[in-house]
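Let me begin by presenting the structure, written as structure tokens, before commenting on it.
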């Protein structure tokens, strides 16, 4: 499974809700996404990053693999933090992104069971980042116009060097 990179049009698409749980296709998707994330290596991956327009994400922040379906942020702190973020779909660059310091995320597991996650720190950032992907948004979309231009310029330079 290949991770799509900017400017792939699939990265700008809004993912569709998962309606069928506990099926072989969903479990295969999660397994393939986890493998791609670990191989990259990364700490999170959204289905849109592999060209699948379903609201599925996986992450592992050294506490074991978690897969979420139909995740949504239901509350976010007024307090924010600004931190450099990288992205597997924009390899080689980091962009300063302001995000809520803590969030509450509601989702379903791959069997359709309800999941509620109270998160702060890295986990809050990962959840917001991956849910952005499911909504067709990249870290460069959260940057100021100047930061966005600089990031795209750096990204194109890195891509050309790898190229």
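Bear in mind that the values in this text are calculations on the coordinates, not laboratory data. Note that the coordinates shown come from a computational prediction; the quantities given were computed from them, not determined experimentally. As a convention, Cβ positions derive from the backbone with ideal geometry for all residues, glycine included, and neighbour counts pool all protein chains shown.
Results, tabulated for the structure shown:
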read-out: Nitroxide proxy distance, nm - points 7 Å out along Cα→Cβ at residue 80 and residue 141; value: 1.7
read-out: Considering only the chain, percent of DSSP beta bridges that pair antiparallel, nearest 5; value: 95
read-out: Three-way shape label, segment 9-162, alpha-carbon gyration tensor, a/c 1.5; value: oblate
read-out: Three-way shape call for segment 1-55 based on the alpha-carbon gyration tensor, with the a/c threshold at 1.5; value: oblate
read-out: GNM result for the chain, Cα springs below 10 Å: residue of 51, 121, 42 fluctuating most strongly; value: 121
read-out: Computed over segment 27-145: relative contact order in percent, which uses C-alpha pairs under 8 Å that are six or more apart; value: 23
read-out: Relative packing of 56-62, 123-129, 21-27, which averages over residues the other C-beta atoms within 10 Å, highest first; value: 123-129, 56-62, 21-27
read-out: Gain in span if fully extended, residue 19 to residue 32, counting 0.36 nm per residue against the direct Cα distance; value: 2.7 nm
read-out: Residue-averaged [θ]222 nm for the chain, counting only DSSP H segments that reach four residues, each worth -39500 (n - 2.57); value: -10000 deg cm²/dmol
read-out: Three-way shape call for segment 108-163 based on the alpha-carbon gyration tensor, with the a/c threshold at 1.5; value: prolate
read-out: GNM flexibility winner over the chain from 92, 44, 113 (Cα, springs under 10 Å); value: 113
